[in-house]
Structure formats: C-alpha cells, structure tokens
1. Out of (1) modelled with pLDDT under 90; (2) surrounded by fewer than 20 Cβ atoms within 10 Å (Cβ to Cβ); (3) outside any helix (DSSP H, G or I), the odd one out for Arg185 is which?
2. May I ask you to list the residues in the range 8-32 that are under 16 Å from the mean Cα position of the chain (by Cα) and either under 16 Å from Val61 (Cα atoms) or not in a strand (DSSP E or B) (or both)?
3. If you scan the range 161-176, which residues turn out to be polar (S, T, N, Q) and surrounded by fewer than 21 Cβ atoms within 10 Å (Cβ to Cβ)?
4. From the list Val87, Val124, which residue is in a strand (DSSP E or B), at pLDDT below 95 and either polar (S, T, N, Q) or at negative phi (or both)?
5. How many of the residues in the range 7-29 are polar (S, T, N, Q) and free of Cβ contacts under 8 Å to residues at least 12 places away in the same chain?
6. Which condition breaks for Leu46 when tested against (1) at pLDDT below 95; (2) surrounded by 18 or more Cβ atoms within 10 Å (Cβ to Cβ); (3) outside any strand (DSSP E or B); (4) under 17 Å from the mean Cα position of the chain (by Cα)?
7. All but one of (1) closer than 21 Å to Asn175 by Cβ; (2) not β-branched (Val, Ile, Thr); (3) not in a helix (DSSP H, G or I) hold for Gln135; state the number of the condition that does not hold.
Amino acid sequence: MDAILRAEGVDLFYGTHRAVAGADFALQAGEVAAVMGSSGSGKSSLLYCLAGVLPATHGAVSFDGTAFSTLTDDELSTLRRERFGFVFQYGELLPELTVEENAALPLRLAGQRKAPAHAVAGEVLGRLGMTELLQRRTSQLSGGQSQRVAVARALVHRPSVVFADEPTGALDSANASAVLEEFLRLARDQGTAVVIVTHDETVAAHADTRYTMTDGVLTQRVAT
C-alpha cells in the first residue's frame, strides 16, 4: 500500500541550525505514528514540515503522491484546511466562540452553512462527552474539556491526516488518557491517519509505528 504522507531526505534549517536532518517518514491511511523526543530535538519542526506549515530546506514532502513543492501557497492552504486536522498542546481555541462554534469552524471555513456544520460538530462533540457544554464559552472550560473541543475541531471535517503536537502535555494523567483514547478511537473509526509528537512514553504506546528524534535525526523504533 502506498503511503498517504511521505517525507524523503528532509532537512530543515533555521539559519545555520539544522533542526531536521535528512528525515525519512511514511504514513499509511488509518495509521497512528508517534514521534518521540526531548524538548529541542526537532520533533515539532518535523511535524510542521509534514503538515506543510514549514517548507523543507532540502528533500521532499508529499501527500497522496503530490509534492508540497509543486503546490502554490493557496493550494497548500486549501490542502491543510480541507485534508488535514491539527491538535495542539493547549487547544488553541477561540475564546469568543462557543464549544459548538469552535468545533464547527473547519466546516464553516469550507463553506458549509451554519445549521449542518453545527449538527456535525454536535455529533462529534457528543461522542466526546461534551453534549451538555455545546453553548459554553471555551474560556469557561477545564483543560480536559478544552482538549476534547480541539479534538472535535480536528476531526469534524473527516480529514485524511491529523497532526497532534503534544496533545495531552497540558493535562493530568487521567484526563490525558481519556482524551487520547477518545481521540484515537474517533480517528480510527473514520480511517484518519494520525501523527503524534510527544515526549510521553505512555502516549507513544498507543501508536502503530514509533519514531525517535534526537538532535534532528529521526529513527524508527521497532514495536515490542
């Protein structure tokens, strides 16, 4: 089976600093991959290259057989908006919007009308145990609740790939486990591939494929 997302010989430089050094990476549809490493190891930089947020200095990143380097900025933005989802460590929600409005945002940006977009968002939020909080402002949520909204927002448009940067790093262990399990269950139910950047061995243990990043060098780990 061909990889849906692939990186070949990717370097990323910040000035003279080589944050990513010749990385090779392949992700199948429906696969969960974890990239482990300490702070400053380059794992978030790699994630942003894989997501088309940062252009690789050398090498190639491609999605569904199309190299990012062949796309215009507008085409790359459309790809990220329509085919990718993002979950960040602190949720990055819009505090002026409700839970439902935050989760529906990818659908609204894609041109869906309010009622059907909110109906889909409400369904996904319901599966994450958030039905009673749809009209609450996100500034009134706990950390675990905020991450559930972030997960719903990442999955509501049924993306091909979700990129998760330390998605449970701001949560206590009980909330982290619950959010992660629900996130991965929902992703697998709809065939979404997931790339998780983490320093937590417990989080990485949920992945099908595990990588380690050290000083910008990516190596694949054999599952035990």
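The values are calculated or read from the model by the stated rules, or taken from the named source; none is laboratory data. Every value quoted in this text rests on a predicted model; they were computed, and no experiment measured them. Virtual Cβ from ideal backbone geometry, glycine too; neighbours counted across all protein chains shown.
1. (3)
2. Applying the first criterion (under 16 Å from the mean Cα position of the chain (by Cα)) to the range 8-32 yields 25-32.
Passing the criteria: Phe25, Ala26, Leu27, Gln28, Ala29, Gly30, Glu31.
3. Filtering the range 161-176 down to residues polar (S, T, N, Q) leaves 168, 173, 175.
Listed by number, the residues that qualify are Ser173, Asn175.
4. Values: Val124 fails: in a strand (DSSP E or B).
None of the other options fit; the residue is Val87.
5. Keep residues of the range 7-29 that are polar (S, T, N, Q), which gives 16, 28.
Checking the rest, the ones that are also free of Cβ contacts under 8 Å to residues at least 12 places away in the same chain come to 16.
Residues that pass the stated criteria total 1.
6. Condition (1) is where Leu46 drops out.
7. (1)
Okay, residues lined up against (1) aromatic (Phe, Trp, Tyr); (2) part of a strand (DSSP E or B); (3) under 28 Å from Gly40 (Cα atoms):
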| position | (1), (2), (3) |
| --- | --- |
| Glu92 | no, no, yes |
| Gly111 | no, no, no |
| Gln147 | no, no, yes |
| Ala150 | no, no, yes |
| His157 | no, no, no |
| Ala164 | no, yes, yes |
| Gly169 | no, no, yes |
| Leu180 | no, no, yes |
| Val197 | no, yes, yes |
